[in-house]
Amino acid sequence: MAQTFVVYRIAGSRGADVLQALVGATVAGVLGSDRLPTYFKHGVGQRQLCWAHLTRNILSALDVATTPSARRFCRDVLVLQRRLFRVWHRFRGDPTARGAPLARAALIAQALPIEKAFFRLGERSLDATQADVRNLARALFVHYAHLFTFVTHEGVEPTNNAAERALRTAVQWRNTSFGTRSDTGEREVERLLTITQTCRLQDCSTLAPSSISRRRSPRIAAVTVASLLCRSQTP
């Protein structure tokens, strides 16, 4: 999913080969994702790991924490996460955020000590006795820079919530229709979802591009990135 379009792909796995077939061998921009190993195998210029996924992982680890040190680690991470997002909401101009709105330079300056604190926290817990805590500590220690790409890059969000919301549409459709049973059905569903959700993002009419596709072929024609752009947005 990008800012102006979304592309759906139905596949039997989330393997690296599926990702490469969808977006190519490399991604020139910023790839936002969770911490699934597939994404780390893909060549990207920059990546942004999803804070919503990380926060859920921390809360789950806190629920099953068996030692005081494990509980302290999880709580410390959550405290730093709240500090970071208070600063982010001020930068975004959230009317509920306390404090004056921040410029990008101020956001970077205030986020830097929080970033360093996350790194130190991860480093201290690399040898934690609880496996969940060790895995999360390693994520903070090894990938901490990928958690803060949104601080310095315009247009990058700290979560992939928008993609999750777009995916929910496909999941709801699958749950009510029992999915597809052929490659042809999968391709047609992918294209229908791609067209309708991209039009929704761009506030375009859904009927115009779909009617064009039907005129071209009895089957829905292949969707290209160029075809997902509204005429008013095409250079």
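Values in this text are rule-based calculations from the coordinates and carry no lab data. From a predicted model like this one, the values you see are computed outputs, not experimental measurements. Methodologically, a virtual Cβ is constructed for each residue, glycine included, from the backbone with ideal geometry; neighbour enumeration extends over all protein chains shown.
Structure summary
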item: Listed residues Ile58, Leu201, Gly179: farthest to the positive end of the dipole of the chain (Cβ charges); result: Leu201
item: Principal axis dimensions, largest first and in whole angstrom, of the chain by Cα; result: 63, 41, 33
item: Helix 183-202 axis, angle to the chain major axis (alpha carbon atoms, nearest 10°); result: 70
item: Residues Tyr8, Tyr144, sorted so that the one with the fewest Cβ neighbours within 10 Å comes first; result: Tyr144, Tyr8
item: Rounded tilt (10° steps) of 131-143 against the dominant C-alpha axis of the chain; result: 80
item: Fewest-first ranking of Leu62, Leu102, using other Cβ atoms within 10 Å as the exposure measure; result: Leu62, Leu102
item: Proxy reagent accessibility, fewest Cβ within 10 Å first, across Ser125, Ser205, Ser33, Ser182; result: Ser182, Ser205, Ser33, Ser125
item: Dipole axis of region 51-152 (+1 Lys, Arg; -1 Asp, Glu on Cβ), positive-most option in Val133, Ala145, Leu112; result: Leu112
item: Contour excess over end-to-end distance, with Cα ends at Asp183 and Arg86 and 0.36 nm allotted per residue; result: 30.3 nm
item: For Gln46, residues with placed amide H under 5 Å, excluding near neighbours; result: Leu31
item: For region 51-152, size of Cβ-based charge dipole, Lys and Arg +1, Asp and Glu -1, in debye; result: 300
item: Estimated vicinal HN-Hα couplings, Hz - region 31-36 in sequence order (Karplus 6.51, -1.76, 1.60; Gly, Pro = x); result: 9, x, 7, 7, 9, 4
item: ³J(HN,Hα) computed for each position of region 173-179 - Karplus, 6.51 cos²θ - 1.76 cosθ + 1.60, integer Hz, glycine/proline x; result: 4, 4, 5, 9, 10, 6, x
item: Debye, to nearest 20: dipole size of the chain, +1 on Lys, Arg Cβ, -1 on Asp, Glu Cβ; result: 280
item: In sequence order, calculated HN-Hα J values of region 97-102 (Karplus, 6.51, -1.76, 1.60; Hz; x Gly/Pro); result: 6, 7, x, 6, x, 10
